Amino acid sequence: MKIAIVGATGLVGRNIIKQCERLLPNDIEFHLFASNKSAGKTLKINNQDVVIKELKSENIGKYDMALFSAGGVRSKAFAENFISQGSYVIDNSSAFRLQEDVPLVVYGINQNEITSSSKLIANPNCTTMGLVMALKPLHDTFNLVSMTPVAYQAVSGSGTAAVNSLKEEESLDHTSLADYKNGYYPRPIARNVIPLAGNLLENEYSDEEMKFVHESRKILDIPKLIVEPSNARVGVITGHGVFCSAVFEEDIDTERAIIELNSFEGVQYWAETLATPLDAENNTDVLVSRLRRGLSSPKIINFWCVSDNLLKGAALNAVQIAKYLVQK
Ligand SMILES: NC(=O)c1ccc[n+]([C@@H]2O[C@H](COP(=O)([O-])OP(=O)(O)OC[C@H]3O[C@@H](n4cnc5c(N)ncnc54)[C@H](OP(=O)(O)O)[C@@H]3O)[C@@H](O)[C@H]2O)c1
């Protein structure tokens with residue numbers, strides 16, 4: 001079996017390599033792609049040095065699968081090139097997520113939507129992925145109607161350049177930091193919270209906020225789900241947190257809700273310790289804390305969830321899908 005990893009040198013790509021080593025058979029032949037800047041360098045997989053190739057048509061051959069995390073522009077330009085030579089493509093970008101004929105898959109929730117004709121499979125947005133993992137067992141029990149998620153998105157969600165910017169900003173004193181104009185984001189992110197994650201759209205919501213709306217509806221198969229999202233960027237390296245107020249059809253029994261969360265593979269309810277991004281980093285599970293029944297209605301649950309945006313939010317889910325395809 002041959003697997004291509006496109007964007008292998010990035011934050012997500014490097015985690016894809018680790019998850020492939022952990023979850024897939026060790027006799028797979030890996031092919032790594034990145035930009036011309038990385039071509040010729042090597043990365044280790046299963047203790048073997050693999051040379052990185054530049055992503056261009058003449059370098060693309062026949063593979064069983066290609067895992068893309070090199071940005072939407074590269075996905076749009078090259079996915080078809082892999083598919084036409086027989087490869088499945090599992091794409092981490094937002095390029096194809098809302099396309100009707102493309103399954104948007106969270107492993108553990110809706111992998112059954114992958115059919116024999118699905119050659120292109122989209123991996124959801126990292127913030128949505130963590131939240132829907134917590135919502136799925138609650139929805140199956142109480143029937144979700146609407147939600148107000150407020151996200152605290154970590155810097156590694158924006159890639160290597162953003163993490164480098166945070167590290168540089170962290171070394172500045174307070175005055176220089178407040179005036180700092182050369183960072184990755186429009187305002188300094190070190191020791192700070194920016195009340196906007198992603199790019200503002202015409203409707204005054206950001207593209208990251210609208211991903212909550214459209215992707216949650218598609219993954220949970222609730223086309224009329226009402227979503228009122230607000231996403232902030234916080235000076236945390238890894239681990240996206242979400243406070244969510246969710247309204248259900250049924251009255252909530254909080255003990256039952258916690259049992260359902262703990263019985264769902266990939267989710268843990270933390271009752272004694274408050275789950276934080278530091279706990280979520282390198283953790284393959286989504287962590288939930290502070291679950292309470294609503295103050296104004298017995299049909300509301302308020303809770304906090306946090307997950308590693310590079311693992312379940314990206315690389316882990318992509319490799320779980322790859323493993324599912326290998327075993328299919
Ligand atoms: N970070 C997250 O939490 C997260 C979560 C879900 C999805 N995603 C998505 O995953 C993708 C990668 O994110 P990331 O965080 O890993 O970003 P990153 O750390 O900035 O890495 C970007 C990767 O894309 C490659 N690349 C850039 N330009 C290229 C080109 N012209 N041709 C070929 N390869 C090119 C880079 O190769 P070089 O090193 O050679 O430049 C690198 O491997 C994005 O689409 C992002 O939206 C990210």
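The values are calculated or read from the model by the stated rules, or taken from the named source; none is laboratory data. These figures come from a predicted structure and were not determined experimentally. Positions of Cβ are generated from backbone atoms using ideal geometry, with glycine treated the same way; all protein chains shown enter the neighbour counts.
Can residue 98 be described as closer than 24 Å to residue 126 by Cα, more than 7 Å from the ligand (Cβ to nearest atom) and within 24 Å of the chain's Cα centre (by Cα)? When the stated conditions are applied, residue 98 passes them. Number of residues in region 87-104 that are closer than 20 Å to residue 208 by Cβ, touching a residue at least 60 places away in the same chain (Cβ under 8 Å) and in a loop (DSSP other than H, G, I, E, B): the value is 4. Of the strands (runs of 3 or more DSSP E) entirely within region 244-328, those holding at least 1 residues that are within 16 Å of the ligand (Cβ to nearest atom) occupy 286-293, 300-307. Considering 271, 257, 280, the condition of being in the same structural domain as residue 203 (by TED's automatic domain parsing), touching a Phe, Trp or Tyr at 6+ places or on another chain (Cβ under 8 Å) and modelled with pLDDT of 95 or more is satisfied by 257 alone. Applying the condition of being more than 16 Å from the ligand (Cβ to nearest atom) and assigned to a loop (DSSP other than H, G, I, E, B) to region 129-172 and asking which residue is surrounded by the fewest Cβ atoms within 10 Å (Cβ to Cβ) yields 171.
Every listed requirement among (1) in contact (Cβ under 8 Å) with a residue 40 or more places away in the chain; (2) within 16 Å of the ligand (Cβ to nearest atom) is met by residue 229 save one, (2). Among the residues making up region 26-41, those that are more than 14 Å from the ligand (Cβ to nearest atom) and either farther than 22 Å from residue 82 by Cα or outside any loop (DSSP other than H, G, I, E, B) (or both) are 26, 29, 30.
Residues that are in a loop (DSSP other than H, G, I, E, B) and in contact with a Pro (Cβ under 9 Å, 6 or more places away or on another chain) within region 114-128 comprise 114, 115, 118, listed in sequence order. Once region 173-223 is narrowed to residues that are at pLDDT below 95 and among the hydroxyl-bearing types (Ser, Thr, Tyr), the residue that is surrounded by the most Cβ atoms within 10 Å (Cβ to Cβ) is 180. Kindly indicate whether residue 11 is surrounded by 13 or more Cβ atoms within 10 Å (Cβ to Cβ), near the ligand (Cβ under 8 Å from one of its atoms) and either within 23 Å of the chain's Cα centre (by Cα) or outside the structural domain of residue 161 (by TED's automatic domain parsing) (or both). It is true that residue 11 is surrounded by 13 or more Cβ atoms within 10 Å (Cβ to Cβ), near the ligand (Cβ under 8 Å from one of its atoms) and either within 23 Å of the chain's Cα centre (by Cα) or outside the structural domain of residue 161 (by TED's automatic domain parsing) (or both).
Here is a check on your reading of the model: is residue 44 more than 15 Å from the ligand (Cβ to nearest atom), within 22 Å of residue 159 (Cβ to Cβ) and surrounded by fewer than 22 Cβ atoms within 10 Å (Cβ to Cβ)? Judged against the criteria, residue 44 is a match. Applying the set (1) away from the ligand (no atom under 11 Å from the Cβ); (2) touching a residue at least 40 places away in the same chain (Cβ under 8 Å) to residue 84 leaves exactly one unmet item: (2). On inspection, residue 284 fails the criterion of being under 26 Å from residue 18 (Cβ atoms), touching a residue at least 24 places away in the same chain (Cβ under 8 Å) and more than 14 Å from the chain's Cα centre (by Cα).
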